[in-house]
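Heads up, the thing below is written out as structure tokens.
The values are calculated or read from the model by the stated rules, or taken from the named source; none is laboratory data. On a predicted model such as this, the values are computed, not experimentally measured, just so you know. Note that we place each Cβ from the backbone using ideal geometry, even for glycine, and neighbour counts take in every protein chain shown. Protein only, heavy atoms only, side chains kept; ligands, DNA and RNA dropped before computing areas. Shrake-Rupley method; radii C 1.70, N 1.55, O 1.52, S 1.80 Å.
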Amino acid sequence: MLFRNPALLFGLFLLLIPIILHFFNLQRFETVKFTNVKFLKAIKEKSQKRSKLKKWLLLITRLLALTCLILAFAQPYFPSEKNAIPEVDIIYIDNSLSMKAKGPSGEFFSQAKQTLYENLKGKEVYLITNEGVEKENFTNDKILDLDYSTRSSNEEQLNLHIDQIETNKEVQKNIIILSDLQSFTFDSDLINTSNSYHLVELIPVNIGNAFVDSIWTTSESPDNLQLTARVYNALSEKEDINVTLWINDEIQGKRVANVKENSFEDISFTVKSIDNFSGKITLEDGRLDFDNDFYFSFPLKEKLKVLSLGNKTDYLKKIYHQKEFDFDEITLNNWEATNAKNYDLIILNELEFIPAYLREVLSNYLYNGGNIALIPNENIDQPTYNQLLNQLNIGSFRDTISRELKITEINYDDPFFKNVFKKREENFSYPSTQISFQNSLRNSISLMKYENGSPFLAKSNVGNGMIFIFTSPLSSEKSNLTSSTLIVPLFYNFTIRNHTQNNIYYRIGQQNEISIKNPIKSDEVYHLAKDDFDYIPLQKSQNEELVLTTNELPNKAGIYSVRQKDVASLEIAYNFPKSESYFRKIDFSELEKNNQNITVSKDLNEALSLMKAKGQDKNLWQLFITFVLVLLIAEMLIQKFVKN
């Protein structure tokens, strides 16, 4: 027990005064002798004993009353733990998008800000949001300016923020966690037992959420495009969800999704296949509204340019159709070598020899980021082929193998085959060749191999470009690859390598790269703009393209315009991440039961009261004042009922 006014304890010496007066009372009993009356003497002795008892009782009660009064003015108290170990108050307010859920008094996040502002004015606490830590003085309105974040947080990230606070001394940390805990598990391994956690129980009025998780194109024809949306129902009973497709601000279709609890349904819309359009898919759900709209944009496709030098073939014309490609098929004698840089892919289609000037052009083309597919002729001029391969430091062709070889191995792990196969094919009908060339390729990666382990198709990086080398002719007489299902993805991937294709939508909060082909040559930078929002993203030149990189910004879902000055280049769709959309129910009572240093409060005011009480000393002066009153009452009772 400690005292706030310990100097007043010297007043206890005043207790000696009534004690001295009691023992040296100036009033004495005088002996008066008179006639021998035996019975009167006995009465006198009994009366004296009662008088002494009464005086002792009065003395004790008065001494105790005075002692309690002095102690009360000295203000005794039991110190809190805060005085033994310094205590720090921390408030984590979850500003993720799921905090838009509504409780009895409105949105969780908005109500939390208002309550904190009203209860913590003038007090300094550490405030943690999903963006990080700051020591906030609540005498200003900054708390009211907090906004939602596209970031989510969990125990590990929260602990990192907490550990940053007061690292230079030992402190007791009291943490109020104001969150719906959608990303938390509170595993015992992640709970710091030296901290005290106060959870605020946030249970929305309407539990559950429905949202569009993703969209994609499932089929395409020259006239129509099929757009598919995945509608998810989180923690709700089976619902009929109204879904609407908007294109260029006009309704293009409506569907009803019948989705079971914690499941999804894919619904499709067929729209006219046109270039450069944008839109959104909306659904009707009154619980969480931030994910009711899903935006998309189909930019104008720029045709890729492909050149075939050598023999004319029907299969290449079928692969490189006019809708997506500008395909030129030219003999070597009719080609102007200066045009090489204009093509995304050059196919050396079964040339018998490779002249010196062409070797030099191809070498420069590769080092500047071009793509080459080399298909040998059955009657190749081996020295000129090997001069090209040696110049590129790849190796050489050797003897001809004039027998059938089956292609039995595909390098599924190579990024080249990404999105080509859904799974590894065990019973795949592999093609074969009737003629091939032994080789000693180096600095290359085999994409497909023969049954004898030698490469049928290899790739090699040269400068900023890449060359793809077949070791066999592809004419129908020498190989059946052109009739295999592999032929289309092979040549398609040859062309799009190193070509950035913009997505139909991007996720906010992730690193996104947006490509602008043939950017305007100017000192002016590109802006990302929508309404009052204007942002200059990171931008760099790469292979005749300008690549824009975004991450945290923009932070609102919608359709944004990429502009240089007042000229719009393309439109980009951004959507919120869906990590906060998958609503789950939290059992707060179990969290409190399984963790001794966790308490759960029904609302924020209760949690703030518990934190305030924990940091206060236990005052005892009221108790001693009560003792004084009790002792005074005891004195009055002694005076009344104890006779002299």
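Where helices (runs of 4 or more DSSP H) fall wholly inside segment 533-644, the ranges with 1 or more residues that are of a type in the set (A, V, I, L, M) and at pLDDT 85 or above are 621-641. For residue 386, are the conditions met, namely being crowded, with 19+ Cβ neighbours inside 10 Å, at pLDDT 85 or above and out of contact with any Leu (no Cβ under 8 Å at 6 or more places or on another chain)? So residue 386 fits the description; yes. Selection of segment 226-242 for residues being assigned to a strand (DSSP E or B) and either under 15 Å from residue 269 (Cα atoms) or of a type in the set (A, V, I, L, M, F, W, C) (or both) yields 226, 227, 228, 229, 230, 231, 234, 241, 242. Among residues of segment 283-303 that are within 14 Å of residue 206 (Cα to Cα) and modelled with pLDDT under 90, those with a Cβ under 6 angstrom from a residue that is open to solvent by 10 Å² or more (accessible area, probe 1.4 Å) and not in a loop (DSSP other than H, G, I, E, B), sequence gap 6+ or separate chain, pair up as 288/100. Could you tell me whether segment 442-463 includes any residue that is out of contact with any strand residue (DSSP E or B) (no Cβ under 9 Å at 6 or more places or on another chain) and either under 24 Å from residue 325 (Cβ atoms) or surrounded by fewer than 20 Cβ atoms within 10 Å (Cβ to Cβ) (or both)? Yes.
Step by step: first the residues of segment 241-266, then only those that are among the β-branched types (Val, Ile, Thr) and under 24 Å from residue 207 (Cα atoms), then the one that is farthest from the chain's Cα centre (by Cα). Which residue is that? Once the filter is applied, the top-ranked residue is 256.
Residue by residue, here is whether (1) of a type in the set (Lys, Arg); (2) without any contact (Cβ under 8 Å) to a residue 60 or more places away in the chain; (3) surrounded by 16 or more Cβ atoms within 10 Å (Cβ to Cβ) holds:
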{"residue": "516", "(1), (2), (3)": "no, yes, yes"}
{"residue": "530", "(1), (2), (3)": "yes, yes, yes"}
{"residue": "564", "(1), (2), (3)": "no, yes, yes"}
{"residue": "572", "(1), (2), (3)": "no, no, yes"}
{"residue": "585", "(1), (2), (3)": "yes, no, no"}
{"residue": "594", "(1), (2), (3)": "no, no, no"}
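Of all residues in segment 260-274, those being open to solvent by less than 30 Å² (accessible area, probe 1.4 Å) and within 12 Å of residue 243 (Cα to Cα) number 2. Counting only residues that are within 18 Å of residue 390 (Cβ to Cβ) and hydroxyl-bearing (Ser, Thr, Tyr), segment 456-473 holds 2 of them.
Condition check: open to solvent by 20 Å² or more (accessible area, probe 1.4 Å), of a type in the set (Asp, Glu) and closer than 28 Å to residue 483 by Cα. Does residue 414 satisfy that? Taking the combined requirement at face value, the residue does not satisfy it.
In summary, residue 356 fulfils each of the numbered conditions (1) more than 23 Å from residue 491 (Cα to Cα); (2) modelled with pLDDT of 90 or more; (3) among the aliphatic types (A, V, I, L, M) with the single exception of condition (2).
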